[in-house]
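Rule-based calculations on the coordinates, nothing more; no lab input. Source: prediction; values computed, not measured. When we count neighbours, we look across all protein chains shown, and the Cβ atoms used for this are built from the backbone with ideal geometry, even at glycine.
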Amino acid sequence: MNLSPRAAHLKAAQNKAEALFREIEQRGLIRPHITERELNTEIYQLANELFGIKKYWHKRIVRAGPNTLFPYRENPPDLSIGSDDILFLDFGPIFSDWEADFGRTYVLGNDPMKLKLKSDVETIWDEGKRLFDTTPDLTASALFTFVTDAAHGKGYSWGSAHCGHLIGEFPHENIPREQVGAFIQIDNLTPLRSYHSDGVERHWILEVHLTLPEQKIGAFFEQLLLTD
């Protein structure tokens with residue numbers, strides 16, 4: 001994969017975020033009988049230990065059980081993680097002023113519905129990535145339509161107003177939240193492979209948030225969208 005210098009910086013940041021998540025799993029931090037806030041603090045401490053990370057471009061998210069239904073902007077009450085639970089992590093660490101944004105879902109126990117939900121959120125992300133890889137002129141709106149249709153086709157509700165956003169050098173979140181062009185959403189007709197007005201290429205995070213409102217569970221998966 002031949003990456004531009006900007007894309008290479010973003011890919012390197014994501015690789016470190018992925019290494020952090022592997023270490024979270026290997027150290028057994030994801031476990032029952034602790035609160036979301038306690039796990040969040042442990043991950044923060046681990047990230048500082050491994051990479052010296054103290055700065056994040058968005059709030060650090062750990063959500064379990066019914067809290068997995070809530071989109072990013074919400075701040076639900078702190079819950080304890082159960083022994084047969086589903087939870088997701090959404091962290092945006094900054095590595096040398098380059099933003100990463102990485103999200104994964106985990107299942108404790110062997111509940112078939114939760115395991116299928118975890119598998120499906122990853123599958124739909126992969127399908128969205130495949131469409132991006134094979135459609136050079138793909139717009140944000142078209143990708144949003146594709147992934148939300150895929151979610152509905154599998155019987156899920158969609159958990160957010162969009163399915164991703166711009167990523168870059170910190171602090172990209174200074175972009176006004178109401179700016180349509182900053183998000184992969186239905187009203188954004190921007191080609192994903194395009195450039196800002198200053199000539200800087202756009203890069204995106206693709207995120208998938210599936211929910212089953214009646215069962216009070218959801219799943220989340222996100223990472224950098226780059227062609228292989």
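Which residue, 218, 94, 186, has the largest displacement toward the positive end of the dipole of the chain when charges sit on each Cβ (Lys, Arg +1; Asp, Glu -1)?
Checked the options; the winner is 94.
Using a cut-off of 14 Å between beta-carbons, work out the net charge of the residues near residue 87 (Lys and Arg +1, Asp and Glu -1, residue 87 not included).
-1
Apply the membrane-span-like helix rule to the chain: whole DSSP H runs, Cα extent along the own long axis of at least 18 Å, mean Kyte-Doolittle hydropathy at least -0.5. List the helices found.
The qualifying helices are 140-153.
Show which lysines lie in cross-link reach of residue 116 when reach means a straight Cα distance below 23 angstrom and same-chain residues fewer than eight apart are skipped.
Residue 116 reaches 129, 154, 216.
Please order 101, 90 by the number of other Cβ within 10 Å, starting at the fewest.
90, 101
State, as an integer percentage, the relative contact order of the stretch 30-138 based on alpha-carbon contacts under 8 Å between residues 6 or more apart.
24 percent
Listing 216, 114 from the residue with the fewest other Cβ atoms within 10 Å to the one with the most, what is the order?
Exposure proxy ranking, most exposed first: 216, 114.
If you line up the Cα atoms of the chain on their principal axes, what length do they span on each, largest first, in Å?
Sorted largest first, the three principal extents are 50, 42, 32 Å.
Considering Cα pairs under 8 angstrom that are at least six residues apart, work out the relative contact order of the chain and quote it in whole percent.
Relative CO of the chain lands at 23 percent.
For the chain, set up a Gaussian network in which alpha carbons nearer than 10 Å are linked by springs, and say which option among 143, 87, 189 fluctuates the most.
Looking only at 143, 87, 189, the largest GNM fluctuation is found for 189.
Putting +1 on Lys and Arg Cβ atoms and -1 on Asp and Glu Cβ atoms, find which of 161, 48, 204 reaches farthest to the positive end of the dipole of the chain.
About the Cα centre, the residue reaching furthest to the positive side is 48.
Rounding to the nearest 20 debye, state how big the charge dipole of the chain is about its Cα centre with +1 on each Lys and Arg Cβ and -1 on each Asp and Glu Cβ.
Around 220 debye, computed over the chain.
Work out the length of the dipole vector of the stretch 137-228 about its Cα centre, built from +1 on the beta-carbon of each Lys and Arg and -1 on the beta-carbon of each Asp and Glu, and round it to the nearest 20 debye.
With only Lys, Arg, Asp and Glu charged at Cβ, the dipole is about 240 debye.
For residue 125, what charge total do you get from the other residues with a beta carbon under 12 Å from its beta carbon, if Lys and Arg give +1 and Asp and Glu give -1?
With Lys, Arg at +1 and Asp, Glu at -1, the net is -2.
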